[in-house]
Amino acid sequence: MITLLNFAYESGEITLQQKGKADRYKRETGANDETAIKDMKLLSEEKLINLYGKLYGYDADIDPDNQDLTLAQQFKRQELQRYSFYPTEEDGKIVLFNSNPGKLLYIEDLVRDKTGYKSGFKYILTTDASIQRLIGEAFRDGESDALPSDFDITDDTSVGSVIYDVSGIDSSAVVNLVNKIFRDAVENGISDVHFEPQEDGFYIRYRNDGSLKIEHKLPSETARQIINRIKTMSNLDVNNSKTIQDGNCRLDLFGKHIDLRVSVIPAVNGENLVVRVLDQNRMSLDVTSIGFSEENEKEFLKIIHKPKGIILLTGPTGSGKSTSLYAALSALNTEERCIITFEDPIEYRIPGIVQVQINPAMDVTFPQALKSGLRQDIEVALVGEIRDSETAAIAFDAANTGHMVFSTLHTNSAASSILRLVKMGIEPYMISTTLIAVINQRLAKRVCPYCKEEYLLEENSPYRKVLKCGDEPVTLYRGKGCRKCGDEGYKGRVAIQEFLVINDEISELLDKGGSTLEIEQAAIKNGMKTIRQDGIEKALAGITTLDEIHRTVFFDEI
């Protein structure tokens with residue numbers, strides 16, 4: 001079957017060089033053809049729609065006139081927005097406006113179930129913006145065009161959490177504001193929202209791609225109402241403002257479930273509240289999307305399928321360790337395998353995998369849960385974090401007795417993780433025979449693909465010492481700043497890594513009591529790129545910038 005990229009090239013819409021760059025971008029990011037074309041700005045949306053029309057033989061209408069509302073109003077607004085289509089009727093036949101033909105089979109089934117329609121459909125391709133405009137016109141009823149923000153509480157006993165379903169405008173200004181903040185966070189891919197009472201006002205900051213930015217500054221007197229609203233949603237005690245509290249809740253935004261994890265700490269100017277936004281709909285569980293170099297990705301996909309052993313992910317908080325582990329489990333998640341995770345907290349729910357929430361207050365600790373879990377006839381286990389000697393010992397025993405174990409450690413390098421395990425009481429021979437690999441990881445911001453530009457490294461740049469390039473010309477890339485990236489020049493993040501695979505030489509060093517430096521040098525000799533080297537290569541390839549790598553791993557030379 002011909003792909004969209006191949007068809008674009010054969011149709012003369014893109015050059016062979018552009019196709020090659022798009023193919024590399026797909027390998028590096030895990031993007032599909034359409035995403036690669038959009039991210040690299042190879043075609044305008046209008047040209048992409050017309051290209052789809054030629055590929056599938058459908059008509060295209062970039063800016064359709066007002067359509068009949070009767071059929072569209074038989075559907076929920078959320079259904080039309082979620083699947084980005086608009087149905088209308090013409091000469092007894094249902095016409096479907098849509099921007100991506102790949103979604104049409106599901107949309108057809110939805111329309112048949114809703115209407116009982118038995119005949120064929122007519123398809124017209126148009127832009128997402130046009131579809132949203134048509135939907136807005138169909139549901140224009142006074143205040144219904146206002147931002148959706150009424151959350152009705154319903155109990156979800158299956159998961160023990162509250163779901164707030166979006167259904168309309170609330171009479172409370174506080175409720176509307178809080179819900180608008182959360183909807184904006186979800187729509188813009190915000191990972192954390194900080195609610196911070198300060199002396200001069202109430203600050204609300206969003207963390208986007210790892211960086212915090214003030215989004216709202218409100219009067220100080222609004223803090224108590226807003227924080228109490230979020231505490232109510234999270235089933236926390238609004239009458240207690242002097243103790244630490246943790247909670248969670250679930251949102252339903254147009255049919256999508258979004259989990260919120262809430263942390264409250266009493267501070268000088270009032271309670272400081274932080275919300276982690278866990279949007280599983282945006283999370284990619286594909287190994288190809290993590291950012292491995294091509295050779296590391298092949299090695300990773302190979303070693304995770306081993307029948308037993310331990311693979312460790314290391315790095316500081318927020319370095320993407322959990323995402324990499326979930327991607328590995330997703331690759332292994334088949335009906336033939338029993339997979340159990342032991343997490344604190346569970347960040348994302350994965351269908352087909354048993355996930356255990358660690359709860360020390362109920363005596364569900366990592367060691368206790370892991371001991372019990374090993375009696376559940378499992379093949380693969382994920383231990384959220386090896387925090388102590390007891391957990392480490394049980395994890396290594398499990399790996400040594402026929403289980404595949406994934407876990408994390410908080411260390412600064414792959415090599416230092418090995419000696420950290422020795423200090424935890426794991427015998428060197430057990431490490432050398434059981435540990436498969438250690439992956440040390442950080443996250444760096446991606447150059448925005450919409451405003452990406454080339455430039456030559458300045459002659460007096462301190463990065464010349466880092467690159468050891470002398471006076472040679474060096475081509476680098478940066479984002480100029482545009483509407484898509486909020487004038488930041490960056491959009492999204494990519495992992496930079498060092499991938500240490502245990503081999504005979506490293507095993508011998510362990511048995512002899514080798515140092516971290518000796519282990520690292522042996523790994524480099526056998527092909528390991530340091531995290532610094534991997535970052536520099538990704539900067540030279542235009543995926544990120546040297547500024548980002550310096551911020552992430554720090555260059556001592558400058």
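The values are calculated or read from the model by the stated rules, or taken from the named source; none is laboratory data. Only a predicted model underlies this, so the values are computations on that prediction, with no experimental measurement involved. Cβ coordinates were reconstructed from backbone atoms using ideal geometry, including for glycine residues, and neighbour counts include every protein chain displayed. Just the protein is used for accessible areas: all its heavy atoms, side chains included, with ligands, DNA and RNA removed. Shrake-Rupley method; radii C 1.70, N 1.55, O 1.52, S 1.80 Å.
Laid out as a table, the results:
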{"quantity": "Any chance GLU347 is surrounded by 15 or more Cβ atoms within 10 Å (Cβ to Cβ) and either in contact with a Cys (Cβ under 8 Å, 6 or more places away or on another chain) or aliphatic (A, V, I, L, M) (or both)", "calculated": "no"}
{"quantity": "Selected residue (only one of LEU382, LEU409 is among the aliphatic types (A, V, I, L, M), at negative phi, at pLDDT 95 or above and buried (at least 16 other Cβ atoms within 10 Å of the Cβ))", "calculated": "LEU382"}
{"quantity": "Some residue of the range 271-290 being in a strand (DSSP E or B), more than 27 Å from the chain's Cα centre (by Cα) and either within 30 Å of VAL438 (Cα to Cα) or not hydroxyl-bearing (Ser, Thr, Tyr) (or both)", "calculated": "yes"}
{"quantity": "Flag if ASP556 is open to solvent by 20 Å² or more (accessible area, probe 1.4 Å) and within 24 Å of GLY189 (Cα to Cα)", "calculated": "no"}
{"quantity": "Qualifying positions in the range 351-389 - of a type in the set (A, V, I, L, M), farther than 21 Å from THR334 by Cα and not in a helix (DSSP H, G or I)", "calculated": "ILE358, VAL364, ILE386"}
{"quantity": "Matching residues in the range 71-91 - criterion: being polar (S, T, N, Q), modelled with pLDDT under 85 and not in a helix (DSSP H, G or I)", "calculated": "SER84"}
{"quantity": "Test result for ILE244, of a type in the set (A, V, I, L, M, F, W, C) and either open to solvent by 60 Å² or more (accessible area, probe 1.4 Å) or free of Cβ contacts under 8 Å to residues at least 40 places away in the same chain (or both)", "calculated": "yes"}
{"quantity": "Output for the range 484-507, where each listed residue is open to solvent by 30 Å² or more (accessible area, probe 1.4 Å) and either under 24 Å from the mean Cα position of the chain (by Cα) or touching a residue at least 40 places away in the same chain (Cβ under 8 Å) (or both)", "calculated": "LYS484, GLY486, ASP487, GLU488, TYR490, LYS491, ARG493, VAL501"}
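Condition check ((1) farther than 18 Å from PHE300 by Cα; (2) among the hydroxyl-bearing types (Ser, Thr, Tyr)) across all residues:
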| site | (1), (2) |
| --- | --- |
| SER319 | no, yes |
| LEU329 | no, no |
| GLU336 | yes, no |
| PRO345 | yes, no |
| VAL364 | yes, no |
| LYS371 | yes, no |
| GLN376 | yes, no |
